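Remarks on the structure that follows.
Any read-out appearing in this document is the output of simple, stated calculations on the displayed coordinates, not a laboratory observation. Just so you know, these numbers come straight off a predicted model, no measurement behind them. Cβ placement follows ideal geometry from the backbone for every residue including glycine, while neighbour counts extend to all protein chains displayed.
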Amino acid sequence: MKKFFLTLLVSFVSFNILAQPGWNWPENKSEAEEKNVLYTDYLKQQNCDEAKIHLDWLIENVPGLHVSIYQNGIKIYRCLIDKEEDPIIKNELINKALILFDGRIENFGREAYVKNRKVTFAYTFYRSDKTKYESLFNMFKDAFLLNGNKIGNSNLVAYMDIVRKHKLTSKSISDDEVLEIYDMISKTISFKLSNDGKNQVRYKKYQDNLDKLLTATITVDCNFVENILGPKLIELTSQPNDEIAQTDYETLTPVDISFSQEIVNLAKKIFQLSITGKCTSSEIALEAAKIMFTNEKDFAVAKFISSRELSTKNYESSLEYCDAAIESAGDNNDQKSEMFLRKAQIYQVIGNKLKSRDNARKSISFNSSNSDAYKIIGNLYMASYEDCREGKSRVQDRLLFIAAYNIFKSGGLSNQANRAREQFPSMEEIFNENLEVGESMNTGCWINETVTLNKR
């Protein structure tokens, strides 16, 4: 009776399977049909030992039967591996599972996709086995070569992890090769970041982990950036074929400069490693940033260049990159406010009070809570007393302190406002000049604001 029902089950399942495309039954298909039914039934019951027996028969005798025998085969072997405690047997099972991936490629193609899954599987079990690091390294290299930007997310940081482990244990990977791999993975993460708006946080975390693994693999310091990578960038940019200047032939002035992708990629690497190695003050980091910005208008890069130029008192260039950063900010009002504030600070340093105030006001227009912008304007007014006072009227000369007070109050700067109020004209001074508290008066001078007269 049991045999009858088994035969009936096989016949029923076989009919349904045969009705589906993609099945390649042998001429004598009855045994293969029976094995297929048995292994799938045992798999559903989580009886992986029995399932393996019938699966192995299919793999050996009809390897081209259907892709599902390889897909389910991995499930069966994973089940067996997870519960096996003997390390020797466990390793044998892992090896057989990896062979299944190869068998799937041989019979059903999709090499890139399958190798991507294979290396994920291998990393899961071999990532702590020193004897497997070289094999894993080669598997990752192959998978990345085949998949490019389509490589699985789980393999991004995992590849760099194996690079680190393999280098530290075998010393067979050069620093240059490590950097090439790091750069390739970084580009892939950048691509995914740009094309997957739903997982921005995840990809940024990947990049953070990648950076940490890099610094744990090779020594990334200022000496490395400046003396190893720097000369390479200088050499490339000195080659006329790698830097192309487009010229307006009517004025004979260059209107644009572009760099080869090789130069841009190296510049990005130098910039990233300068940040990682905390050597952003180097000249090569600045040069790399300028090359990057020439290729791609990015707010953060323009902001960095502006900061560097400001640190060396190259005010004109700093202001130019402030403007470039503002243009690159798009609809981000906070970023615009930040850069207009910097412009205000620069103009304050070089003594152009009008432009300093104008830019501080623009900063406030994009972010009304930017207290630093209010502080700049208030301080400009406070510092203008000696320049603006005419000595004819004590009250008139002190109106700028009222203007300063108003600005400080608007910015929520109570301490600064109190100091400004201490400089208001006294009631006696107001009375002596036949004026009254509450009158509207103009500060005059460059400030040229109308204020309400008040006493200290």
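From the phi angles alone, apply the Karplus equation (6.51, -1.76, 1.60; θ = phi - 60°) to segment 137-152 and give each ³J(HN,Hα) in whole Hz, x where the residue is Gly or Pro.
Each residue of segment 137-152 in turn: 4, 5, 5, 5, 4, 5, 5, 5, 4, 7, 9, x, 5, 8, 4, x Hz.
Once you list every other residue whose beta carbon is under 10 Å from the beta carbon of Gly230, what net charge do they have if Lys and Arg are +1 and Asp and Glu are -1?
Working: positive: Lys232; negative: Glu226, Glu235, Glu283, Glu287.
Around Gly230, the charge tally is -3.
Could you derive backbone 3J(HN,Hα) for segment 215-227 from the dihedral phi with the Karplus parameters 6.51, -1.76 and 1.60 (θ = phi - 60°), listing whole Hz in sequence and x where the residue is Gly or Pro?
These are the phi-based 3J(HN,Hα) values: 5, 7, 9, 10, 7, 10, 9, 4, 4, 4, 5, 6, 9 Hz.
Where the convex hull is taken over the Cα atoms of segment 369-456, what is its projected area averaged over directions, in nm²?
Numbers: hull surface 20.8 nm².
Averaged projected hull area, Cα only: 5.2 nm².
Provide the packing ranking of 27-35, 391-399, i.e. peptides ordered by the mean count of other C-beta atoms within 10 Å per residue, highest first.
Details: 27-35: 14.9, 391-399: 16.9.
Highest-to-lowest ranking by the protection proxy: 391-399, 27-35.
What's the local net charge at Arg202, with K and R +1, D and E -1, over the other residues with C-beta under 14 Å away?
Values: positive: Lys192, Lys198, Lys204, Lys205; negative: Asp196, Asp208.
Counting the neighbours of Arg202, the net charge comes to +2.
Could you tell me the ratio Rg/Rh of the chain? Both radii from Cα atoms, Rh via Kirkwood. Intermediate results must be reported in sequence, preceding the final value.
Working: Rg = 35.6 Å, Rh = 28.7 Å.
Checking Rg against Rh, the ratio lands at 1.24.
On a C-alpha basis, how far is the centre of segment 305-375 from the centre of segment 174-223 in Å? Whole number, if you could?
Comparing the Cα centres of segment 305-375 and segment 174-223, I get a distance of 32 Å.
Can you give the charge dipole size of the chain about its Cα centre, rounded to the nearest 20 debye, using +1 on the beta carbon of Lys and Arg and -1 on the beta carbon of Asp and Glu? Let's see the in-between values first.
On the way: 59 positive and 63 negative charges, 281 e Å.
Here the chain has a charge dipole of around 1360 debye.
Convert each backbone phi in segment 262-268 into a coupling constant with the Karplus relation 6.51 cos²θ - 1.76 cosθ + 1.60 (shift: θ = phi - 60°), then list the ³J(HN,Hα) values in order as whole Hz, x for Gly and Pro.
Rounded to whole hertz, the list is 4, 5, 4, 4, 5, 4, 4.
Say the dipole of segment 297-350 comes from +1 at the beta carbon of Lys and Arg and -1 at that of Asp and Glu; which of Ala302, Ala344, Cys322 then lies farthest toward its positive end?
The Cα lying farthest towards the positive end belongs to Ala344.
Counting Lys +1, Arg +1, Asp -1, Glu -1, what net charge surrounds Tyr405 among other residues with beta carbon under 11 Å of its beta carbon? Provide the component values of the computation, followed by the final result.
Details: positive: Arg398, Lys409, Arg419, Arg421, Arg456; negative: Glu422.
It works out to a net charge of +4.
For segment 297-350, what does the alpha-carbon gyration tensor say about shape, rounded, prolate or oblate, given a ≥ b ≥ c as the root eigenvalues, a/c under 1.5 as rounded, and a/b over b/c as prolate? Working shown, then result.
Values: a/c = 2.47, a/b = 1.48, b/c = 1.67.
It is oblate, given that a/c is not under 1.5 and a/b is not larger than b/c.
With everything on Cα atoms, drop me the angle between helix 30-44 and the longest principal axis of the chain, reported from 0 to 90° to the nearest 10.
Tilt relative to the chain: about 40 degrees.
Give the long-range amide H neighbours of Lys297: residues separated by 5 or more places, or on another chain, with amide H under 5 Å away, using H modelled in the peptide plane at 1.01 Å from N.
Placed amide hydrogens put nothing under 5 Å from Lys297.
Calculate for the chain the 222 nm mean residue ellipticity that helices alone would give, adding -39,500 (n - 2.57) per DSSP H run of length 4 or more and normalising by residue count, nearest 500 deg cm²/dmol.
On the way: 23 runs with 313 residues, N = 456.
That calculation yields -22000 deg cm²/dmol at 222 nm.
What is the set of long-range amide H partners of Ser258 at a cut-off below 5 Å, with H atoms built 1.01 Å from backbone N?
Sorted by chain and number, the residues that satisfy this are Ile244, Gln246.
Please name whichever of Ile284, Cys445, Tyr405 sits farthest to the positive end of the charge dipole of the chain, dipole taken about the Cα centre and charges placed at Cβ: Lys and Arg +1, Asp and Glu -1.
Final value for the positive-end residue is Tyr405.
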